[in-house]
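The structure appears below as structure tokens.
The values are calculated or read from the model by the stated rules, or taken from the named source; none is laboratory data. All of these numbers come straight from a predicted model, not from anything done at the bench. Here Cβ is always computed from backbone atoms with ideal geometry, including for glycine, and neighbour counts include all displayed protein chains.
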């Protein structure tokens, strides 16, 4: 084999499907925003939904709005990475735009629960998944964060707290688990994890061709 017979190949990486999950108030949304600021090639997956658009929402930007019939057809055809029925409406993550992004080497962030994470893990794109669970340092601190952010009334906070343990109990289904007791430290750890995972062998489709070129160069040097 001669090197001239091989195409010039610069190993390129595939993107990751980065799943962030946590109970409400653990800091997931803040960490996601910091990741987006750190690397502007990161993008959030735009979900599809059967609910009606709210004032100011833009189709294709906030959600992909579609009919229930169209949504169910996509699920039946295997075109949804994950989906769920929530409060009378369907929500899901279309596969095509995610596959296009990761083939182009762009990572896609998912803010979903453990059930959605499991569906993505079992999908056709599952091998490109990186799942991270964010734990609070304590239950009292989790409640304090919910109260101090001022977004919910007491009833909603109580509902979120009741749901939190079911979410926390799924921690061992994730690749990585971070205890978010310090936001800056957790951000640094997230960046380290993502940087390392980007270099996984299966994320670098050009490696095999590059190694073949090295082999051909070695064999030519032995002649």
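Structure data summary
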read-out: Test: residue in region 181-197 that is loosely packed, with under 15 Cβ neighbours inside 10 Å, modelled with pLDDT under 90 and not in a loop (DSSP other than H, G, I, E, B); value: no
read-out: Any pair with Cβ under 8 angstrom, 6 or more apart, that starts in region 41-69 at a residue that is over 22 Å from residue 120 (Cα atoms) and ends at one that is assigned to a loop (DSSP other than H, G, I, E, B) and modelled with pLDDT of 95 or more; value: 67/50
read-out: Any hit, region 204-217, residues being within 17 Å of the chain's Cα centre (by Cα), under 18 Å from residue 18 (Cβ atoms) and either surrounded by 13 or more Cβ atoms within 10 Å (Cβ to Cβ) or free of Cβ contacts under 8 Å to residues at least 40 places away in the same chain (or both); value: no
read-out: Residue list for region 1-28, filter: surrounded by 12 or more Cβ atoms within 10 Å (Cβ to Cβ), modelled with pLDDT under 90 and part of a helix (DSSP H, G or I); value: 3
read-out: Number of the exception - residue 100 against (1) surrounded by 12 or more Cβ atoms within 10 Å (Cβ to Cβ); (2) under 20 Å from the mean Cα position of the chain (by Cα); (3) touching a residue at least 12 places away in the same chain (Cβ under 8 Å); value: (3)
read-out: Total residues in region 136-151, condition part of a loop (DSSP other than H, G, I, E, B), closer than 13 Å to residue 24 by Cβ and out of contact with any strand residue (DSSP E or B) (no Cβ under 9 Å at 6 or more places or on another chain); value: 2
read-out: Qualifying positions in region 77-114 - part of a helix (DSSP H, G or I) and either under 12 Å from residue 131 (Cα atoms) or out of contact with any strand residue (DSSP E or B) (no Cβ under 8 Å at 6 or more places or on another chain) (or both); value: 96, 97, 99, 100, 103, 114
read-out: Criterion: surrounded by 13 or more Cβ atoms within 10 Å (Cβ to Cβ) and modelled with pLDDT under 95 - qualifying residue of 142, 135; value: 142
read-out: Extreme residue, farthest from the chain's Cα centre (by Cα), among residues of region 164-180 that are surrounded by 13 or more Cβ atoms within 10 Å (Cβ to Cβ) and part of a helix (DSSP H, G or I); value: 164
read-out: Test for residue 118: is it in contact with a helix residue (DSSP H, G or I) (Cβ under 9 Å, 6 or more places away or on another chain) and either in contact (Cβ under 8 Å) with a residue 12 or more places away in the chain or surrounded by 13 or more Cβ atoms within 10 Å (Cβ to Cβ) (or both); value: yes
